[in-house]
Amino acid sequence: KGRLRQLWGSAPASLRACALHHSSCLTLRLRLNLPQPSVSFIRAAPQKEAAIYAERIVDIGRRTPVERLVHFLLELHSRLLTVGLAEKNSFRLPISQEVIADSLGLSVPHLNRVMQHLRKESLISNNARVVEFFDIPALQTLAHYEPLVFAQIPLPMSGRA
C-alpha cells in the first residue's frame, strides 16, 4: 500500500466527475485497493489522453458533420463495449441528442438530418435510443476512425481492506 500511495498520492483518493449536460460536479472519495500500476501504464496514460484531445480538435476543424457523428458513435460504442455496456454491433445511447449535438458543434435539427442520412444509407439504425451498426468497417472508413485500446483498471480484490 505504501508504494501505491507514492504513485497515486495519499489514499483515499479524490476524484471529480462533471456532468456534460448540466455542468454540475461531484467529488467522490475512494479507497484504492488496486494492484500497483506498471510504470509503462503511468507513462502511456498521458500519451493516450493527448491523442484523444488531438482527435477532438480534428473533429471540429476538419471533419464533416457525418464524419463527426460517425466517429463519435464508434468511439462511444468502443468505450461502452470495453465496460460491458454494449453489444458487438449495438448500444443504448446514454446521453441525449442535445448533448451529442453540443459536443459535435451541431444543432439538434442538423444532428437529426445527419442521423437520417446514415439510416437512409443503411449504415445504422436507431430506435428508442438504441444505435445499431450494419457495417462497422465501412463506418470506420467513412469517419477515418482508428479504434483505441482502452486500458481497464482492475477491480479491487474482494476480502482486502
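Just so you know, all these numbers are worked out from the coordinates, no wet-lab data involved. The model shown is predicted, which means the values in this text are computed figures rather than measured ones. Backbone-built Cβ (ideal geometry, glycine too); neighbour counts: all protein chains shown.
Structural remarks
- Sum of side-chain charges, PHE133 neighbourhood, beta-carbon under 11 Å (Lys, Arg +1; Asp, Glu -1): -2
- Counted residue by residue at 0.36 nm each, then reduced by the alpha carbon distance between them, the extension gain from ARG119 to GLU132 reaches 3.7 nm.
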